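The values are calculated or read from the model by the stated rules, or taken from the named source; none is laboratory data. Keep in mind it's a predicted model, so treat the numbers as computed, not measured. Here the Cβ positions follow ideal geometry from the backbone for every residue, glycine too, while neighbour counts run over all protein chains shown. Heads up: the accessible areas ignore ligands, DNA and RNA and are worked out on the full protein's heavy atoms, side chains in. Shrake-Rupley method; radii C 1.70, N 1.55, O 1.52, S 1.80 Å.
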Amino acid sequence: GKEKWKQSRDEVTSWSTPLVIAETNPVQVVTSATKRVRSYDLSSGKVLWECGGLGAGCVATPVAGAGIVFAMSGRDPALLAIRCAGASGDITGSDSVVWHLDEGIPYVPSPLLYGDTLYFAQKNDGLLSCHNAQTGEPYYSRQRLEEIKGIYPSPVGADGRVYVLGRNGVTCVLKHGPKFQVLAV
């Protein structure tokens, strides 16, 4: 129950849940907040790396896989795909930023990293994008989910399907993969 470490930050706001990446050495705690995403050594609290480029409204929790962290800000839309292995210091504008976007980004829902595919909603709208997680290549972008009215829950993936829930009580079930295909509503 004792505080192990504490780091001061200069960001005004963040509603995002920190992400622990246990596969790295040292274990990293990644936090996204207004203006910057930072990685801390879980055991010491030392800043391992940081990257500028996020805006206000960091609500979506970062996700990670295959050595890449995906951090997003929604009010000032930004998505950063950061290769975290070997990253050190301020990596803003470096090769550690594999790809980035500044449109079609979620405000509240977190992205879904399913295999090598990244899904995310635009703002809280009923629009879904699907990208190759490694390259950023869009498979489809801002595809309208006709029956969905507002997306606050994060999409979920299971058994080759992607489930997108709307605030109006409707769930849209999509086939996982690069082609937009609605299986059920």
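Potential lengthening of the chain between Glu137 and Leu183 amounts to 14.2 nm, from the contour at 0.36 nm per residue minus the alpha-carbon distance. For the range 1-60, just say rounded, prolate or oblate: build the C-alpha gyration tensor, square-root its eigenvalues into a ≥ b ≥ c, call rounded for a/c under 1.5, and beyond that prolate if a/b exceeds b/c, oblate if not. Because a/c hits 1.5 or more and a/b exceeds b/c, the range 1-60 counts as prolate.
Solvent-accessible surface of the chain, averaged per residue with a 1.4 angstrom probe and all protein chains in place: 49 square angstrom.
Placing a label point 7 Å from the Cα of Val170 along the Cα-to-Cβ line, the residues of the range 134-155 whose backbone N sits under 18 Å from it are 142-155. When the trypsin sites (Lys or Arg not before Pro) in the range 132-163 are filtered for DSSP coil states and for at most 16 other beta-carbon atoms within 10 Å of their beta-carbon, the remaining sites are Lys149.
With contacts taken as Cα pairs under 8 Å and at least 6 residues apart, the chain reaches a relative contact order of 12 percent.
In the range 140-185, which chymotrypsin sites (Phe, Trp or Tyr not before Pro) are in a loop and have at most 16 other Cβ atoms within 10 Å, using DSSP for the loop call? All intermediate terms of the calculation are to be shown ahead of the outcome.
On the way: sites: Tyr140, Tyr163, Phe180; in loops: Phe180.
Filter output for the range 140-185: Phe180.
Excluding same-chain neighbours fewer than eight residues apart, the lysines reachable from Lys6 by a Cα-Cα span under 26 Å are Lys35, Lys46.
When the Gaussian network model of the chain links Cα atoms closer than 10 Å, the mean-square fluctuations of Cys58, Cys84, Cys172 top out at Cys172. In terms of its alpha-carbon gyration tensor, the range 63-115 comes out oblate; a/c meets the 1.5 threshold, while b/c is at least as large as a/b. Comparing Cα centroids, the range 143-159 and the range 11-45 end up 27 angstrom apart.
When volume of the Cα convex hull per residue in Å³ is computed from the coordinates, the matching label among [x] 217; [y] 105; [z] 122 is [z].
Computed about the Cα centre, the dipole magnitude for the range 137-185 is approximately 100 debye when only Lys and Arg (+1) and Asp and Glu (-1) carry charge, each at its Cβ.
Quick check: convex hull of the Cα atoms in the range 1-106, volume per residue, rounded to a whole Å³? Provide the component values of the computation, followed by the final result.
Numbers: hull volume 10.4 nm³, N = 106.
With only Cα atoms used, the range 1-106 gives 98 Å³ per residue.
Note on Ala66 and Thr92: the model spin-label points, each 7 Å out from Cα along the C-beta direction, lie 2.9 nm apart.
Loop only by DSSP, 15 or fewer other Cβ within 10 Å of the Cβ. Give me the trypsin sites (Lys or Arg not before Pro) in the range 26-113 that pass, ordered by residue number. Don't skip to the answer; put the middle values down first.
Details: sites: Lys35, Arg36, Arg38, Lys46, Arg75, Arg83; in loops: Lys35, Lys46, Arg75.
Those satisfying the criteria are Lys46, Arg75.
Dipole of the range 66-185 (Lys/Arg Cβ +1, Asp/Glu Cβ -1, origin at the Cα centre): which of Asn124, Leu101, Ala81 lies farthest to the positive side? Highest projection toward the positive end goes to Asn124.
Of the accessible area of the chain, computed with a 1.4 Å probe over protein heavy atoms only, carbon and sulfur atoms account for 50 percent.
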